[in-house]
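The values are calculated or read from the model by the stated rules, or taken from the named source; none is laboratory data. Nothing here was measured: the structure is a model prediction, and the numbers come from that model. Counting neighbours? That spans all protein chains shown, and the Cβs are built from the backbone with ideal geometry, glycine included. To get the accessible areas, we keep the full protein, side chains included, count just its heavy atoms, and leave off ligands, DNA and RNA. Shrake-Rupley method; radii C 1.70, N 1.55, O 1.52, S 1.80 Å.
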Amino acid sequence: MQLFIVAFIVALDQVTKYLAKTYLKPVGSIPLIPNVFHFTYVENRGAAFGILQNQRWLFIVLTVVISAVIVYYLFTHRQESIVLTIALSMILGGAIGNLIDRLRLGYVVDMLHFVLIDYPVFNVADSFVVIGTLLLAYYILFMADSRERQFS
């Protein structure tokens, strides 16, 4: 299941980035809902919200290390909670999607832009990392402790 989730996220992310580079880059931005949500092409050479610009190798090393830890955990704790497995798989899939861009292009392609709240432009991989992290936080805060009590 973990491999399917990761592969699906990476494929979806890479397809959307290919479409953005092919069709969106030449025009820059397309309003889907004017002044609310636009498809906007951005080449992000930093991390989330564009911080730490031009630190490509730092992000590559961090992503590889964190991804290795997640893979190790997923394979050594196969019988752990389904919520934890999904959360970590989502984070891993998003991390790999952005890692592919950093290695191949030297930057990450972003294209989703909530203009209404002036939110930084992001991509599918970023979305899965955030959703996976929220799910992981939910697991840690509300589920992990009760699971540990069951085994005591």
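With the highest mean first, a sort of the peptides 79-85, 36-42 on other beta-carbon atoms found within 10 angstrom per residue produces 36-42, 79-85.
Ignoring ligands, DNA and RNA, what percent of the 1.4 Å accessible area of the chain is carbon and sulfur?
Carbon and sulfur atoms account for 71 percent of the accessible area of the chain.
The long axis of helix 82-104 is offset from the longest Cα principal axis of the chain by roughly 40 degrees. In the context of the full set of protein chains, residues of the stretch 1-103 present 58 Å² of accessible surface per residue (probe radius 1.4 Å, heavy atoms only). Gyration tensor analysis over the Cα atoms of the chain returns equivalent ellipsoid semi-axes of 31, 17, 14 Å (largest first, whole Å). Of the residues Val129, His77, Phe59, the one whose Cα sits farthest towards the positive end of the charge dipole of the chain is Phe59 (charges of +1 on Lys and Arg Cβ, -1 on Asp and Glu Cβ, taken about the Cα centre).
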